[in-house]
Amino acid sequence: MRDEELIQKFVEKTTRKKVKKGEFVVRIGEIVNYVYFMESGILRGYFLDANGRDVTDCFCSECGSTAMPFSELKLNEPSPISIEMLKDGSFFCIPISEVIKLQKDYLETTLLYNRLLAKALEEHRKLKQALNQYTALQRYQWFLQEYPGLIECVSNKYIASFLGITPVTLSRLRKDLRDAEEKK
């Protein structure tokens, strides 16, 4: 019965938001007061480096994934990253204030939040490992495995930024892999 009660409370407080390609879910410095659960689309999160260039930090295209620019649920917190849509999509949005209330009343909410945090932490750990331990070719192959299908949907410059390589290097790697496949 409590599970049904919790689901009903989530449904009552959740709204649906459509976002078009090129639009932002949030920009760096904007106040974030919602947790966004992806229904459809492709997004990228990015921050600005010391020279003001954007650096892709993450991609998201999986239904049910969260698009949250920080790990702690705080009200009126400015976003440290921008979240930009790369393909039209939609989200289910619930106010952070409501999630905080539900955490106090339902342990299940805290457990879900912890699972989402653990998943995000694991994704960032894998990225950090790839960036620091793999060659450029290995990083590209890792990307193809971890993000199947995104190579056809996402600009090379965003993928290169994500992998810590130049777009020219990425193009060369793609060509080398295509050539190697043709020789087989």
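From the list ALA130, ALA160, which residue is in contact with a helix residue (DSSP H, G or I) (Cβ under 8 Å, 6 or more places away or on another chain), farther than 26 Å from PHE10 by Cβ and in contact (Cβ under 8 Å) with a residue 24 or more places away in the chain?
Exactly one residue qualifies, and that residue is ALA130.
Return the only residue of PHE70, PHE47 being at pLDDT below 90, under 13 Å from the mean Cα position of the chain (by Cα) and open to solvent by 30 Å² or more (accessible area, probe 1.4 Å).
PHE70
Out of GLU122, GLU62, GLU84, report the one residue that is open to solvent by 20 Å² or more (accessible area, probe 1.4 Å), over 20 Å from TYR158 (Cβ atoms) and of a type in the set (D, E, K, R).
The conditions single out GLU122.
Under the condition of being not in a helix (DSSP H, G or I) and not small (Gly, Ala, Ser), which residue from segment 87-111 is farthest from LEU150 (Cα to Cα)?
Taking the candidates together, the pick is TYR106.
For segment 125-134, check the following and say yes or no: at least one residue is part of a helix (DSSP H, G or I), charged (D, E, K, R) and touching a strand residue (DSSP E or B) at 6+ places or on another chain (Cβ under 8 Å).
No.
Which condition number in (1) of a type outside the set (Lys, Arg); (2) touching a residue at least 40 places away in the same chain (Cβ under 8 Å); (3) more than 17 Å from LEU75 (Cα to Cα) is the one that ILE96 fails?
Exception for ILE96: condition (3).
For segment 6-39, what are the residues that are more than 30 Å from GLY52 (Cβ to Cβ) and either in contact (Cβ under 8 Å) with a residue 24 or more places away in the chain or open to solvent by less than 50 Å² (accessible area, probe 1.4 Å) (or both)?
Listed by number, the residues that qualify are LEU6, LYS9, PHE10, LYS13, THR14, THR15, ARG16, LYS18, PHE37, GLU39.
Being open to solvent by 40 Å² or more (accessible area, probe 1.4 Å) and among the hydroxyl-bearing types (Ser, Thr, Tyr) narrows it down to one of TYR134, TYR113, so name that one.
Exactly one of TYR134, TYR113 is open to solvent by 40 Å² or more (accessible area, probe 1.4 Å) and among the hydroxyl-bearing types (Ser, Thr, Tyr), namely TYR134.
I need every pair where a residue in segment 164-184 that is under 20 Å from LEU131 (Cα atoms) and open to solvent by less than 60 Å² (accessible area, probe 1.4 Å) has its Cβ under 8 Å from the Cβ of a residue that is among the aliphatic types (A, V, I, L, M) and not in a helix (DSSP H, G or I), sequence separation at least 6 or different chains.
Once the first residue is under 20 Å from LEU131 (Cα atoms) and open to solvent by less than 60 Å² (accessible area, probe 1.4 Å) and sits in segment 164-184, its partners that are among the aliphatic types (A, V, I, L, M) and not in a helix (DSSP H, G or I) give LEU173/ILE165.
The values are calculated or read from the model by the stated rules, or taken from the named source; none is laboratory data. What you see is a predicted model, and the numbers here were worked out from it, not measured in a lab. Backbone-built Cβ (ideal geometry, glycine too); neighbour counts: all protein chains shown. Remember, those area values only see protein heavy atoms, side chains included, never the ligands or the DNA or RNA. Shrake-Rupley method; radii C 1.70, N 1.55, O 1.52, S 1.80 Å.
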